[in-house]
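Engineer: Have a look at this one.
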């Protein structure tokens, strides 16, 4: 599949990726492997921003479904993303990658606040920037946070690392005959309600012309391959 070349990307990882084969929490070996993926991409010359979900620790929507106040549950989910960001920062710095965590919820003792110009400067100095706590407000997912930071940082694309190798017309885990798309338009994703990212994130990427590339992060070395235009992935753009 031919893909456009990118220089600065935002990599969105689900919190569940950090669980590895556990049912909950953070598996250090898996975080270390994810860090190696990021390092390989950085060593290839790409500028990297990261957003990591918190579903391996707490998911606001799930808490709200069980009777918690939605806003309270979402704030708890934001704190989970900060824990994941700090774990990834530690793993990256252990392999020599300078990293800064910026949180939309101010937490000066452990990370920086989100300041766009400071983040720009970090990237110019060759650092990886991890954005945590979503957009800092309830009722928004980390997908929306990823799309927002990608737009703020003028990223060339948003890469979403998942457990599957692209976007399908049905859940491939449940429907063996599901068909994978090579490319899609944002409008098709929204009109067909395809589960790429939540609708507000897709619309934000569409309006700012930021391609979304969906690929499997569970395959060793796959991020670097997809960035090089190889490997299997689905790209979502304003052109179909």
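Engineer: Please report the spacing between the Cα centers of segment 66-136 and segment 217-240 in Å, no decimals.
Structural biologist: Comparing the Cα centres of segment 66-136 and segment 217-240, I get a distance of 25 Å.
Engineer: Still on this model: By its C-alpha gyration tensor, with a ≥ b ≥ c as the square roots of the eigenvalues, how is segment 105-174 shaped: rounded for a/c under 1.5, else prolate for a/b larger than b/c, else oblate?
Structural biologist: The shape class here is prolate.
Engineer: Pop out the Kirkwood hydrodynamic radius of segment 151-240 from its pairwise C-alpha distances, inverse of mean 1/r, in Å to one decimal.
Structural biologist: Averaging 1/r across every pair of different Cα atoms and inverting gives 13.3 Å.
Engineer: In Å, what is the Rg of the alpha-carbon atoms in segment 1-144, and how long is Dmax?
Structural biologist: 15.2, 47
Engineer: Right, something else. For the chain, set up a Gaussian network in which alpha carbons nearer than 10 Å are linked by springs, and say which option among 205, 49, 111 fluctuates the most.
Structural biologist: 111
Engineer: Continuing with this model, one more query. Just to be sure I understand: with springs between alpha-carbon atoms less than 10 Å apart, which residue in 206, 121, 33 has the highest mean-square fluctuation in the Gaussian network model of the chain?
Structural biologist: Most flexible of the set in this elastic network: 121.
Engineer: Also: So how far apart, in nm, are the two label points at residue 173 and residue 190 if each is 7 Å from Cα heading toward Cβ?
Structural biologist: 2.8
Engineer: In whole percent, what relative contact order does the chain give with Cα contacts below 8 Å and a gap of six or more residues?
Structural biologist: Contact order relative to length: 22 percent.
Engineer: Can you bin every Cα-Cα distance in the chain into 10 Å intervals starting at zero and give me the percent of pairs per bin, rounded to whole numbers?
Structural biologist: Final binned percentages: 8, 34, 40, 17, 2, 0.
Engineer: How much space per residue, in cubic angstrom, does the convex hull of the C-alpha atoms of segment 173-223 take up?
Structural biologist: That works out to 109 Å³ per residue.
Engineer: What is the extension gain from residue 93 to residue 110, computed as 0.36 nm multiplied by their sequence separation minus the C-alpha to C-alpha distance, in nm to one decimal?
Structural biologist: 4.6 nm
Engineer: Sticking with this structure for a sec: For segment 141-196, what is Rg from Cα atoms divided by 2.2 N^0.38 Å, rounded to two decimals?
Structural biologist: Computed over Cα atoms of segment 141-196, the ratio equals 1.27.
Engineer: For the chain, what is the calculated [θ] at 222 nm in deg cm²/dmol (nearest 500), taking -39500 (n - 2.57) for each run of four or more DSSP H residues and dividing by its residue count?
Structural biologist: -11000 deg cm²/dmol
Engineer: Could you calculate the FRET efficiency of residue 6 with residue 239 from 1/(1 + (r/R0)^6), where r is the beta carbon distance between them and R0 is 22 Å, rounded to 0.05?
Structural biologist: Efficiency, rounded to the nearest 0.05: 0.85.
Engineer: How far apart, in nm, are two points set 7 Å out from the Cα along the Cα-to-Cβ line at residue 182 and at residue 230?
Structural biologist: Here the modelled spin labels are 1.9 nm apart.
Here, each number is a calculation from the coordinates, and none is a lab measurement. Computed from a predicted structure; not experimentally measured. Glycine gets a Cβ as well: all are built from the backbone with ideal geometry, and neighbour counts include every protein chain shown.
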